[in-house]
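Taking it in order: structure first as structure tokens, then the write-up.
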Amino acid sequence: MDIKYMLEIFPQFLSVIPITILIVVLSAIFGLLLSIPVAAIRIRRIPVLSQLMGAYISFTRSTPILLQLFLFFFGLPVLLQLLGFDIRNIGPITAATVCLIFFNGAYMSEVLRPAYLAIDKGQHEAAESLGYTPFQKMKRVIIPQMAPIALPGLGNALIHLIHDSSLVFAIGVVDVMGLATVMSGDTFGMKQVEVFLTVALIYWGISMVSEQIIRLLERRKKRVLRKTGYELKEEEAGYSV
């Protein structure tokens, strides 16, 4: 094991870590925003749209993320060109981010939907009896009780997203994993262990930071639980990082 070589190549990875973080952050934020209307359509069982969202979720959960990356990078431009949109110059980072948003939107919607359905109907009725508007009801009553239930699942989704982002090198994104592949080829496989161990440590570090953010939100969640009196056992939430 050449520790000196690992220390030498680490600064090179610092230049591409922002690309990995950018893809993860954008995919997490916009994936969550996408998951809200998807979950709402499924909860309200809107005809046709609900079935379409069900098919969307089923497709994303039943096909490998690597295959979805290929479909978005190679197939989406062809499909949109048939519809009159020319996006042949779509970059690999854009394609990777859109794909992960698409994937995580489905995943997170299946976290939000059961969290919403877990709220007792009496809570809805009580809010309506107080004259709350739908927005006020969601803000003051539903979301504070949904958050403790959904947070563990959303935290797990973030960790899985970090793992999934390591596959974007397959469509030409020179991120952490992409650079590792290039380095491995440049050394003709002689330093593969050192290169990929360095990458593992980097992903471990990113995941640890994400885990600390999740734990910070977990502590806030407990304060919300004390204020609302809503109880949820950790083992029932299935939190695991």
Task: Among L216, L34, L167: highest mean-square fluctuation, GNM of the chain, C-alpha pairs under 10 Å - done: L216
- [ ] Work out how much length L52 to E125 would gain on full extension: take 0.36 nm times their residue separation and subtract the Cα-Cα distance, in nm to one decimal.
- [x] 23.3 nm
- [ ] Write down the Kirkwood hydrodynamic radius of the chain, to one decimal in angstroms, obtained as one divided by the mean of 1/r over all alpha carbon pairs.
- [x] 20.2 Å
Task: Unit charges at the beta carbon, dipole of the chain: most positive-side option, V199, G172, G155 - done: G155
Open item on the list: Just to confirm the number: angle between the C-alpha axis of helix 3-14 and the first principal axis of the chain, 0 to 90 degrees, nearest 10?
Closed with: 60 degrees
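With Cβ to Cβ distances under 14 Å as the rule, what net charge do the other residues near R113 carry (K, R +1; D, E -1)?
Combined, the nearby Lys, Arg, Asp and Glu give +3.
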Open item on the list: What translational diffusion coefficient, to the nearest whole µm²/s, does the range 90-173 have by Stokes-Einstein, given a Kirkwood radius computed over alpha-carbon pairs, a temperature of 10 °C and 1.306 mPa s viscosity?
Closed with: 106 µm²/s
Task: Crossing angle, helix 176-186 versus the chain [Cα axis fit, 0-90 degrees, rounded to tens] - done: 20 degrees
Task: Approximate spin-label separation D186-F10, in nm, with each point projected 7 Å along Cα-to-Cβ - done: 1.8 nm
Task: Helix-derived mean residue ellipticity, 222 nm - over the chain, DSSP H n ≥ 4, -39500 (n - 2.57), to 500 - done: -24500 deg cm²/dmol
Open item on the list: Could you compute the net charge surrounding V38? Neighbours are other residues with a C-beta less than 14 Å from the C-beta of V38; K and R count +1, D and E count -1.
Closed with: +4
TODO: Along Cα→Cβ, 7 Å out, is where each label goes; now give me the distance between the ones at H160 and V174 in nm to one decimal.
DONE: 3.2 nm
- [ ] Rounding to the nearest 20 debye, state how big the charge dipole of the range 100-198 is about its Cα centre with +1 on each Lys and Arg Cβ and -1 on each Asp and Glu Cβ.
- [x] 340 debye
TODO: Under a 10 Å cutoff between Cα atoms, tell me which one of P37, P64, P144 has the largest fluctuation in the Gaussian network model of the chain.
DONE: P64
TODO: Would you mind checking the tilt of helix 192-228 against the longest principal axis of the Cα atoms of the chain, expressed as 0 to 90 degrees and rounded to 10?
DONE: 10 degrees
Open item on the list: Give me the mean projected area, in nm² to one decimal, of the convex hull enclosing the Cα positions of the range 39-137.
Closed with: 8.6 nm²
Open item on the list: Between L69, L33, L201, where does the largest GNM mean-square fluctuation fall for the chain, given springs only between Cα atoms within less than 10 Å?
Closed with: L201
Task: Simple Cβ-charge dipole of the chain, Lys/Arg +1 and Asp/Glu -1, about Cα centre, in debye nearest 20 - done: 1040 debye
Task: Residue among Q12, I143, S27 farthest towards the positive dipole end of the chain, charges placed on Cβ - done: I143
TODO: Return the whole-Å distance between the Cα centroid of the range 14-90 and the Cα centroid of the range 100-166.
DONE: 19 Å
Task: Estimated FRET transfer efficiency when R0 is 41 angstrom, pair I143-L201 (beta carbons, to 0.05) - done: 0.65
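Taken together, the values in this text are just the output of simple stated rules run on the coordinates, not laboratory data. Everything quoted here is computed from the prediction, not taken from an experiment. Glycine gets a Cβ as well: all are built from the backbone with ideal geometry, and neighbour counts include every protein chain shown.
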